[in-house]
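What follows is a single structure, written as structure tokens, with notes after it.
The values are calculated or read from the model by the stated rules, or taken from the named source; none is laboratory data. Keep in mind it's a predicted model, so treat the numbers as computed, not measured. When we count neighbours, we look across all protein chains shown, and the Cβ atoms used for this are built from the backbone with ideal geometry, even at glycine. We work out accessible area using only protein heavy atoms, side chains counted, and drop any ligands, DNA or RNA first. Shrake-Rupley method; radii C 1.70, N 1.55, O 1.52, S 1.80 Å.
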Amino acid sequence: MNNLEKFNIEVCNLDAAGIISWALKTFGEKRIALASSFSAEDQVLTNLLLHENPHTRIFTLDTGRHFQETYDVWQKSVEFWNFSFETASADPVELSKLLDNGGPNLFYKNIESRKACCSVRKTNPLKKILSTVDAWIVGLRSEQAVTRTGLSPVEWDQQHNIYRISPLYNWIEIDVFRYSKENALPLSELYLKGFRSIGCAPCSRSVAPFDDIRAGRWWWEEPQHKECGLHNRPKPSPQST
């Protein structure tokens, strides 16, 4: 049995709070971090994580193209939890080259251009932070998209060579908002405007109530392509140690 199988057996009967507690004990507070985009899912995880350990690491990626509402909920979150979020952003040289070659809206041209933008603004800054940890906590849920079906609570992130923990893997959307309401968590006002998945402003829009949750993300692309490179799946298991 490899470590991945062992870990999933250990967490299979735990709720989200239990998985977070297990993750902190397994990897240690300095070797694990939560990635937050200030989505409803990430606000739930932030509350659970800080309740378990107020000194843990939580970081966010400032792409430079967020909605104002995202910055607003970021500010509210700092004040609500009295907590400072680590921030990572694009390398200025890489960003200048991207804009020089493709312009500010290159992501609408084709998938390759969109992924190039995501790489500079998201995945490259992410790599720098994840190089300092052995595991990261994310707000992925199996219900969110066809690219996330079959999600396990613990997966091996081959791209970053670390474990990825999804405490909300079996939550449905109503669970997220129920918990948020019960705990009065700060949420983006975009949810009140029909948004169900929020990323960069040029690449996110509101959707109809019965649309796919991520239908408003990169709506000009096919569903199977709708990942920015942060959460590529599936991943093979690491070797036993």
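Key figures for this structure:
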{"item": "By average C-beta atoms within 10 angstrom, highest first, the peptides 182-188, 154-160", "result": "154-160, 182-188"}
{"item": "Positive minus negative residues near Arg57 (Lys, Arg vs Asp, Glu; Cβ under 10 Å)", "result": "0"}
{"item": "Burial order of peptide ranges 103-112, 68-77 (average beta-carbon count within 10 Å, highest first)", "result": "68-77, 103-112"}
{"item": "Label assignment, mean projected area of the Cα convex hull in nm² derived from the structure, set (1) 18.1; (2) 12.8; (3) 15.5", "result": "(2)"}
{"item": "Relative packing of 11-22, 205-216, which averages over residues the other C-beta atoms within 10 Å, highest first", "result": "11-22, 205-216"}
{"item": "Tyr71/Lys97 FRET efficiency (R0 30 Å; Cβ-Cβ; nearest 0.05)", "result": "0.75"}
{"item": "Amide hydrogen neighbours beyond the local backbone of Tyr163, cut-off 5 Å, H modeled", "result": "Ala135, Trp136, Asp157"}
{"item": "19 Å Cα-Cα threshold exceeded, pairs from Lys6/Lys122; Lys30/Lys128; Lys97/Lys122", "result": "Lys6/Lys122"}
{"item": "Candidate aspartates and glutamates - alpha carbon under 15 Å from Lys25, same-chain residues fewer than 8 apart omitted", "result": "Glu10, Glu52, Asp134"}
{"item": "Where labels lie 7 Å past Cα in the beta-carbon direction, separation of Ile172 and Glu222 in nm", "result": "2.9 nm"}
{"item": "Amide H contacts of Ile198 (H built 1.01 Å from N, under 5 Å, at least 5 apart or other chain)", "result": "none"}
{"item": "Per-residue ³J(HN,Hα) for the stretch 19-26, Karplus 6.51 cos²θ - 1.76 cosθ + 1.60, θ = phi - 60°, Hz, x for Gly and Pro", "result": "5, 5, 4, 4, 5, 5, 6, 6"}
{"item": "Accessible surface of the chain, 1.4 Å probe, proportion on carbon and sulfur as whole %", "result": "52 percent"}
{"item": "Rg/Rg_globular for the stretch 55-140, with Rg_globular taken as 2.2 N^0.38 Å and Rg from C-alpha atoms", "result": "1.23"}
{"item": "Relative contact order, percent, the chain [alpha-carbon distance under 8 Å, six or more residues apart]", "result": "25 percent"}
{"item": "Linear extension gain, Asn110 paired with Glu189, 0.36 nm per residue minus alpha-carbon span", "result": "25.4 nm"}
